[in-house]
Amino acid sequence: MSLPYPRPPQPSPLSRPGRRAALLAAVAALTSLAATACGFGGSDGAGATDASGKTVVRIAYQAIPNADLVVKNQRLLEKALPDVSVKWVKFDSGGDVNTAVIAGSVDLGLAGSSPVTKGLSKPLDIPYKVLWIHDLIGDNEALVAKKGIGTVKDLAGKKVATPFGSTSHYSLLAALDAAGVPAGEVEVLDLQPQDALAAWKRGDIDAAYVWTPTLDDLTKDGKVLTTSRKVADAGRPTADLGIVTDAFAKGHPEIVTAWLKAQDQAVSQAKADPAKAAESIGKELNISPADARRQLGQLVLLTAKEQAGPDYLGRPGAPGKLAANLRDAAGFLKGQKAVDAVAPLTDFQRALAVEELSRATG
């Protein structure tokens with residue numbers, strides 16, 4: 001399969017109780033916000049208002065060193081929307097974000113292309129749209145194994161950790177498939193990155209497919225077998241995507257437009273002044289600006305203008321190749337029994353928020 005995402009030139013069955021508790025706490029906090037917000041909870045689900053009457057936008061984010069953290073740290077959206085209450089809530093994976101969206105607790109958020117593909121497929125059929133590509137995943141996600149394990153083929157009979165439903169999970173299955181290793185011959189454990197690191201240190205697992213910053217800890221005494229950049233080059237690209245619920249997009253187009261402009265502003269800053277962007281990212285991840293800049297450089301960021309091109313989201317009347325990529329991923333996930341059915345290409349094309357992107361870039 002050819003790579004649907006041409007890369008622009010780049011700068012030089014186990015669930016941990018901790019994960020469940022964290023997810024339940026995050027969803028509970030957002031649900032509490034929704035329940036106490038004036039006027040929220042109606043059938044349209046188009047947003048909440050707080051006690052002062054401000055519209056509330058609830059944004060799910062993850063600890064990924066891309067421009068989304070610049071938007072958060074520099075309060076770009078809050079500055080653009082002083083009459084809106086912006087609530088940022090952290091999640092560990094896109095699968096958890098899907099759960100929160102289903103619970104009616106998230107309006108906008110970041111999720112990997114694999115969780116989004118699952119969300120747009122049966123049985124989930126989540127009513128949301130893809131309105132932004134936060135990054136094309138590269139070397140910041142990788143499969144790391146204990147020393148003595150030299151290739152992906154050597155993972156047969158081993159224990160490998162990855163967050164189920166994440167882009168790392170998708171890339172792991174793709175890597176095993178490419179190496180001719182049946183997924184059933186590997187004991188794949190559902191662990192969030194920090195839980196995977198703890199299991200690694202205890203000697204409970206042989207390998208893990210995760211993302212930075214946890215990835216950096218694993219590589220200190222492990223061997224990188226493959227990266228998501230290599231998996232993408234072999235025809236299975238992944239990305240971190242921005243999603244918005246259909247109801248919120250319809251009910252608050254002005255907030256969606258402001259969010260898109262803030263994201264584009266942050267991407268432009270990351271390209272023109274990576275040191276400044278890295279400083280903000282480092283503060284959010286509690287790492288040094290140097291480490292943040294290195295991790296930022298492992299990703300491919302796209303401006304709004306680039307995303308409106310035919311290789312990505314596209315324009316009104318001409319949806320981009322991202323739709324075909326998501327459908328291809330759904331076909332792969334169907335083969336892995338991770339989704340029930342593969343929707344028609346037109347369904348994925350309708351799920352691209354090209355009208356919203358066009359409005360923000362016009």
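The values are calculated or read from the model by the stated rules, or taken from the named source; none is laboratory data. Just so you know, these numbers come straight off a predicted model, no measurement behind them. Note that each Cβ is placed from the backbone with ideal geometry, even for glycine, and that neighbours are counted across all protein chains shown. Ligands, DNA and RNA are excluded from the accessible area calculation, which covers all protein heavy atoms including side chains. Shrake-Rupley method; radii C 1.70, N 1.55, O 1.52, S 1.80 Å.
Matching residues to (1) part of a helix (DSSP H, G or I); (2) over 30 Å from Ala48 (Cα atoms); (3) of a type in the set (Lys, Arg); (4) in contact with a Ser or Thr (Cβ under 6 Å, 6 or more places away or on another chain):
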{"site": "Thr226", "(1), (2), (3), (4)": "no, yes, no, no"}
{"site": "Lys230", "(1), (2), (3), (4)": "yes, yes, yes, no"}
{"site": "Pro237", "(1), (2), (3), (4)": "no, yes, no, no"}
{"site": "Ile243", "(1), (2), (3), (4)": "no, no, no, no"}
{"site": "Ala247", "(1), (2), (3), (4)": "yes, no, no, no"}
{"site": "Lys250", "(1), (2), (3), (4)": "yes, no, yes, no"}
{"site": "Thr257", "(1), (2), (3), (4)": "yes, no, no, no"}
{"site": "Ala266", "(1), (2), (3), (4)": "yes, no, no, no"}
{"site": "Gln269", "(1), (2), (3), (4)": "yes, yes, no, no"}
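Here Val224 passes the criteria (1) closer than 30 Å to Ser105 by Cβ; (2) touching a strand residue (DSSP E or B) at 6+ places or on another chain (Cβ under 8 Å); (3) open to solvent by 60 Å² or more (accessible area, probe 1.4 Å); (4) among the hydrophobic types (A, V, I, L, M, F, W, C) except the one numbered (1).
For region 297-311, the criterion of being part of a strand (DSSP E or B) and open to solvent by less than 20 Å² (accessible area, probe 1.4 Å) is met by at least one residue. Counting only residues that are in contact with a Gly (Cβ under 9 Å, 6 or more places away or on another chain) and in a strand (DSSP E or B), which one in region 313-348 is surrounded by the fewest Cβ atoms within 10 Å (Cβ to Cβ)? In this case the residue turns out to be Arg315.
Only residues that are within 22 Å of Ala275 (Cα to Cα) and open to solvent by 30 Å² or more (accessible area, probe 1.4 Å) were counted in region 62-109, giving 5. Within region 210-217, identify whether any single residue is in contact with a Ser or Thr (Cβ under 7 Å, 6 or more places away or on another chain), farther than 22 Å from Asp96 by Cα and either open to solvent by less than 10 Å² (accessible area, probe 1.4 Å) or not in a helix (DSSP H, G or I) (or both), and answer yes or no. Checking region 210-217: not a single residue is in contact with a Ser or Thr (Cβ under 7 Å, 6 or more places away or on another chain), farther than 22 Å from Asp96 by Cα and either open to solvent by less than 10 Å² (accessible area, probe 1.4 Å) or not in a helix (DSSP H, G or I) (or both). Only one of the listed residues (Gly297, Gly317) is more than 28 Å from Pro213 (Cβ to Cβ), of a type in the set (Gly, Ala, Ser) and out of contact with any Lys or Arg (no Cβ under 6 Å at 6 or more places or on another chain). That residue is Gly317. Between Gly165, Gly150, Gly138, Gly184, the distinction of being over 28 Å from Gln295 (Cβ atoms) and outside any strand (DSSP E or B) belongs to Gly184 only. Whenever a residue of region 139-151 is surrounded by fewer than 24 Cβ atoms within 10 Å (Cβ to Cβ), it has no partner that is modelled with pLDDT under 95 and in a strand (DSSP E or B) lying with C-beta atoms less than 9 angstrom away and at least six residues away or across chains. Within region 75-113, the only residue that satisfies the criterion of being in a loop (DSSP other than H, G, I, E, B), under 18 Å from Pro193 (Cβ atoms) and hydrophobic (A, V, I, L, M, F, W, C) is Phe91. Do we find a residue being surrounded by 16 or more Cβ atoms within 10 Å (Cβ to Cβ) and outside any helix (DSSP H, G or I) anywhere in region 168-178? No: region 168-178 contains no residue that is surrounded by 16 or more Cβ atoms within 10 Å (Cβ to Cβ) and outside any helix (DSSP H, G or I).
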